Amino acid sequence: MRRAIAIIAFALVAASVAAAQGATFASASTERYVVWSDAGKEDAEALAQTLEGLFDVYNEYFRFDPTSLGAALTVRKFGTKDSFDIYLQKVIGQTKDDFVYLHYPTAERSELVVFAKESTEDFDASLAHQAFVQFLKAFVHEPPLWLREGFAVYFERARWNPDTGLVAYTENQAWLETVKLLDAQNQLFRLEDLLTLSPDDAKAALDVFYPQAWATVAFLVGSPDRRYNRFLWDVIGLLKTDATLDANQSAVHDFFLRWHSPEAAHADFLAYLASQKTFAELVTSGVRSYGDKDLETAGKAFAAALGKNPASYIPHYYLGLIAYAKNDYALAQEYYLAALERGSDAPITNYALGINAFASRRYDEATLYLKKAADGDPAKYEVKAGEILARIPADG
């Protein structure tokens, strides 16, 4: 019944827009979603499958009762930004730069509106963010601002995995460096104040509010002090579906004061931030340890850096150096080749590959890589590569 109501509501709102644009929408229905797409039924079904996976990831943390939903969650996808803009102009009288969740008093009218993007990564991040807002507001109409936006950013790297058929959560630390800078500049809100920040105050300080909301959620989820983990789960249980924003935020604030000293909690929050290392910090630490010939510490630092930014060539290259130093030539080659694929300096990486191949007596490969290094940067590698090539046995 609730899915039928959502379909009817969508059709009534969208009919005039679709007619004006000459668009034909196909729909796909799942247990908790009704998805419409002007790119066809297959596209709608794929998006619905992803949304179901995201719902499960969100609810691993919130544990809401899905059967309490008044209607299936409606999502509408446009194939172009122009179509998206035309629709929003008709519905809310303005356009938006990115995906938007339109929340109304009735679940049947509320909907998440998205559009196709050239960048899959950008589409996935925006979808994970706004789909969470839709998920949360379906159960709690006016959730605390820090909780809504903090978790929305927290989930931005959740991705559908076609191999497993599941959505997997990946830690998002994109704001970590920003939050640390804000802390160094003494611009962060006191934790107690963040809990009751009004929409106007949050809007006036977006450059601080968004990163700190994420950092607060990350702290409450990841703190080794179980009191803060417990506080977050208790807060979720405190929220009332139909309460006002002020009522829900005040309830959380009062609960916070019953269990925590504001000064101590803020100090613990800052200590947690300090313990979290950015990609740049891990690379700097790894380079220092490698220079000190502390390969174990360097390896841990670069492995952690790789986890934070697998697209960077830097950790791959240094992990190759470390594997080579440990005489693990096969692993070293894997890391060097991965570094090349990610844009490392070709002459220096080819030289490393050549030395690695020479050490493992793969002389044909050594010759290939060393010549590439010499050709790529003769001034730096012609003599060095030549010296090693001269040591290769004549019979190979």
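Every read-out reported here was derived from the displayed coordinates using simple, explicitly stated rules and does not represent laboratory data. Given the structure is predicted, the values throughout are model-derived calculations rather than measurements. FYI the Cβ positions are ideal-geometry reconstructions off the backbone, even for glycines, and counts take in every protein chain you see.
Details
- Our estimate of slack between Lys300 and Ala390, defined as 0.36 nm per intervening residue step minus the Cα-Cα distance, is 28.8 nm.
- Highest mean packing comes first when the peptides 320-330, 209-219 are listed by Cβ atoms within 10 Å, giving 209-219, 320-330.
- Taking every DSSP bridge with both residues inside the chain, close to 50 percent are antiparallel.
- Geometric descriptor of segment 213-302, per residue, is 116 Å³ (volume of the convex hull of the Cα atoms).
- Between Asp375 and Leu337, the modelled labels are 1.9 nm apart [label points 7 Å from Cα along Cα→Cβ].
- Size descriptor for segment 153-278, Kirkwood hydrodynamic radius: 15.8 Å (Cα pairs only, one decimal).
- The distance linking segment 207-262 with segment 149-176 is 21 Å (Cα centroid to Cα centroid, whole angstrom).
- Summarising the amide proton neighbourhood of Leu166: residues at separation of 5 or more, or on other chains, whose placed amide H is nearer than 5 Å comprise Asn161.
- If you take all other residues with their beta carbon under 13 Å from the beta carbon of Asn59, and give Lys and Arg +1 and Asp and Glu -1, the sum is -3.
- Å³ per residue enclosed by the Cα convex hull of the chain: 188 Å³
- Residue list for segment 120-143, given a label point 7 angstrom along the Cα-to-Cβ vector of Ala251 and an amide N cut-off under 12 Å: 140-143
- For Phe115, residues with placed amide H under 5 Å, excluding near neighbours: Phe78
- Computed [θ] at 222 nm, deg cm²/dmol, the chain (DSSP H ≥ 4; -39,500 (n - 2.57); rounded to nearest 500): -20500 deg cm²/dmol
- Charge context of Pro199, other residues only, Cβ under 12 angstrom, K/R +1, D/E -1: -3
- Net charge of neighbours whose Cβ lies under 14 Å from the Cβ of Gln49, counting Lys and Arg as +1 and Asp and Glu as -1: -4
- Cα gyration tensor category, rounded, prolate or oblate, for segment 266-391 with a/c compared to 1.5: prolate
- Trypsin sites (Lys or Arg not before Pro) restricted to segment 208-273 and DSSP loop, no more than 16 other C-beta within 10 Å: Lys240
- The protection proxy used here, the mean number of other Cβ atoms lying within 10 Å of each residue, ranks peptides 242-248, 305-311 as follows, highest first: 305-311, 242-248.
- Rounded, prolate or oblate (a/c below 1.5 giving rounded, otherwise prolate when a/b exceeds b/c) for segment 100-200 by Cα gyration tensor: oblate
- Cα Rg over Rh - segment 298-372, Kirkwood: 0.98
- Sites Arg63 and Leu181, calculated FRET efficiency, Cβ-Cβ separation with R0 45 Å, nearest 0.05: 0.85
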